[in-house]
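The values are calculated or read from the model by the stated rules, or taken from the named source; none is laboratory data. Note that this is a predicted model, so its numbers are computed, not measured. Methodologically, a virtual Cβ is constructed for each residue, glycine included, from the backbone with ideal geometry; neighbour enumeration extends over all protein chains shown. Ligands, DNA and RNA are stripped out before the accessible areas are found, and what is left, the full protein with its side chains, is counted by its heavy atoms. Shrake-Rupley method; radii C 1.70, N 1.55, O 1.52, S 1.80 Å.
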Amino acid sequence: MHQLRQIPPIHEIQQSTKFKKFIQTHNLSTERGTDLIKKVIASFRNQVIEGEWRGPNPSTFAFIEKMFLDAEDLVNETHSFSLQSVINASGTILHTNLGRARLGKDIMEHVMKVAGGYSTLEYDLEKGTRGSRHSHAEKFICELTGAEAAMVVNNNAAAVYMILSAFARNKQVIVSRGELVEIGGSFRISSIMEESGARLVEVGTTNKTHLSDYSESMTEETSMVMKVHQSNFVIKGFTSEVPSKNLVTLVKKHPGVIYYEDLGSGALFNFSQAGIGNEPVIREVIEKGVDLVSFSGDKLLGGPQAGIIAGKKELIHTLKQHQLSRVLRVDKMTLAALEMTLLHYINGEASERNPTIKDIIRSKEEILDQARRFVNEFTHLDTKYHLDIIAGSSQIGGGTMPEVDLDTYLIRIKHPFLPCQELHQALRAGKPSVVGRVQKDQFLLDLRTVSEDEQVTVLERLVQLDKG
Ligand SMILES: *Cc1c(COP(=O)(O)O)cnc(C)c1O
């Protein structure tokens, strides 16, 4: 126990140059720095008392060194962000766990400008009076989709909830059994619908729903017919669903009933024209005469997390007046990011400036070029890795176009002492974190979503792991 008495007193430590350097390096106040040192000493005391101390003797210089090293670890631990940026080399573009769409440079610049100062969030510049938050992005959405009116809420789940609460509470909503999807993270469309107070009337079967299934279920109590796009799965084989235009015609015969489509992803870019999948463009859906549609901001649109509602003016007006529009409203950063995202589409620049679109339509030849440059860099370095390039596929992800495989090239990395899972774990753990893919006991990197700058970082991380 005499070791405890050998610990230098705190006021002495405070006077040391080491302490001064410590607080300066980490930009800490004297109080905060002292707190951290006290915590380290408390832990040391406990270890001595428990007979677990294996470190240097407190009277030695080595002890002081260790004390400051532990304090540094404590700073790094407590001051590190929980939400950290990650380099995504997994090959899944809209990786839900990695934040779905990443935003382009000029989108971020616009967000910084709006969020870093005051803005017209709820201010009418012309009249000098209160304006509406719900008016932002509306004209862009209308121009791009052909809808009469639009509004933005927190995400598409919120849009579904709000539309049903506003128009179908305690009333019947007819929906096909084949469309009651689970979105992921155990969120189910049916649960969200029930939560809203709407009464679900499920029609048809899992694989087939006919127009008569809908028409025979229409009653006085019906407030809405809803179609949910099967975004994250495909039903193949003996299947049929009722086309939108037939449902529009059916609903028109029942005044007061609303026809609503939850588009899930909702594309503004014509991917099918680019030979990718067969996701309908939102404008085409609106043109069929659908009353309301909703879709996500951060799936195929490639913007911020948001739920976009577009459709008939009077319906959107009712939604804007609804109490829930306050509950589910978005902040200025989201609106700024969304407006810039939409402007890129209006200017026909989305394929160059929207990272999601760009990554989806990137050619495999371009990815091969990038992969070759990566592997070439390695041949000039002295490491134990073995790298080669193999053909593979990337996924769009985010529960969109599940049947689409995008051709890509993958870098396969082998290391004599680091098994693939260990290599992956080490790459994830360090900073910046790199997420790759382990497939059939092989560690793979897909550079489809990796920028040139990030590529340099990945290389540095690998070299560092080889050394250490
Ligand atoms: C993804 C999805 C949602 C939920 O959208 P979020 O923006 O994630 O809230 C709702 N419906 C469908 C069909 C979807 O694919």
If the chain between Ser212 and Thr239 were fully extended at 0.36 nm per residue, the gain over the current Cα-Cα distance would be 8.2 nm
Where does helix 364-379 land angle-wise versus the long Cα axis of the chain, in degrees 0 to 90, nearest 10? 10 degrees
Compute the acute angle (0 to 90°) between the alpha-carbon long axis of helix 61-79 and the principal axis of greatest extent of the alpha-carbon atoms of the chain; round to the nearest 10°. 10 degrees
Semi-axes (Å, rounded, descending) of the ellipsoid equivalent to the chain per its C-alpha gyration tensor are 51, 30, 22
Say R0 is 51 Å: what FRET efficiency, to the nearest 0.05, do Ala62 and His380 get from their beta-carbon distance? 0.80
Which whole-number percent gives the relative contact order of the chain, counting Cα pairs below 8 Å spaced six or more residues apart? 19 percent
Give Lys364/Lys431; Lys105/Lys467; Lys358/Lys414; Lys208/Lys288; Lys20/Lys113; Lys236/Lys313 a once-over and call out the pairs whose C-alpha atoms are over 26 Å from each other. Lys364/Lys431; Lys105/Lys467; Lys358/Lys414; Lys20/Lys113; Lys236/Lys313
Mind checking the range 403-468 for chymotrypsin sites (Phe, Trp or Tyr not before Pro) that DSSP puts in a loop (not H, G, I, E or B) and that have at most 14 other Cβ atoms within 10 Å? Phe417
Principal axis box of the range 2-79, alpha-carbon based, largest edge first, Å: 34, 25, 18
When every alpha-carbon pair in the range 220-379 is counted, what percent end up more than 22 Å apart? 54 percent
Using a Förster radius of 22 Å, what is the FRET efficiency between Glu12 and Glu52 based on their Cβ-Cβ separation? Nearest 0.05, please. 0.30
For the range 142-193, report the translational diffusion coefficient in µm²/s to the nearest whole number, using Stokes-Einstein at 37 °C, 0.692 mPa s, and a Kirkwood Rh over Cα pairs. 257 µm²/s
When each pair of different Cα atoms in the range 331-468 is counted once in the 1/r mean, what is the Kirkwood radius in angstroms, to one decimal? 16.6 Å
Just how large is the dipole of the chain about the Cα centre, in debye to the nearest 20, putting +1 at every Lys and Arg Cβ and -1 at every Asp and Glu Cβ? 760 debye
Taking protein heavy atoms only, a 1.4 Å probe, and rounding to whole percent, the accessible area of the range 105-353 owed to carbon and sulfur comes out at 49 percent
Taking only the alpha carbons of the range 279-333, what extent do you get along each of the three principal axes, in Å, biggest first? 30, 28, 12
Using the basic label-point model (7 angstrom from Cα toward the beta carbon), what is the Asn170 to Met108 distance in nanometres? 5.0 nm
Given H placed on each backbone N at 1.01 Å, which residues far from Glu261 in sequence or on other chains put an amide H within less than 5 Å of it? Lys227, Leu292, Val293, Ser294
How much accessible area per residue does the chain have, counting only protein heavy atoms and a probe of 1.4 Å, in square angstrom? 51 Å²
Evaluated at 25 °C and 0.890 mPa s, the Stokes-Einstein D of the range 105-353 based on the Kirkwood radius over Cα pairs, in µm²/s, stands at 131 µm²/s
Report the label-to-label distance for Lys288 and Gln464 in nanometres (one decimal), using points 7 Å from each Cα along the Cα→Cβ vector. 5.1 nm
Express in whole angstrom the spacing between the alpha-carbon centres of the range 276-316 and the range 421-465. 35 Å
Relative to the longest principal axis of the C-alpha atoms of the chain, give the angle of the C-alpha long axis of helix 452-467, reported between 0 and 90° and rounded to the nearest 10°. 40 degrees
Divide, for the range 301-365, the radius of gyration over alpha carbons by 2.2 N^0.38 Å, where N is the residue count. 1.42
So how far apart, in nm, are the two label points at Asn347 and Ser433 if each is 7 Å from Cα heading toward Cβ? 3.3 nm
Would you kindly find the accessible area of Asp382, with a 1.4 Å probe and non-protein molecules such as ligands, DNA and RNA excluded, rounding to the nearest 10 Å²? 150 Å²
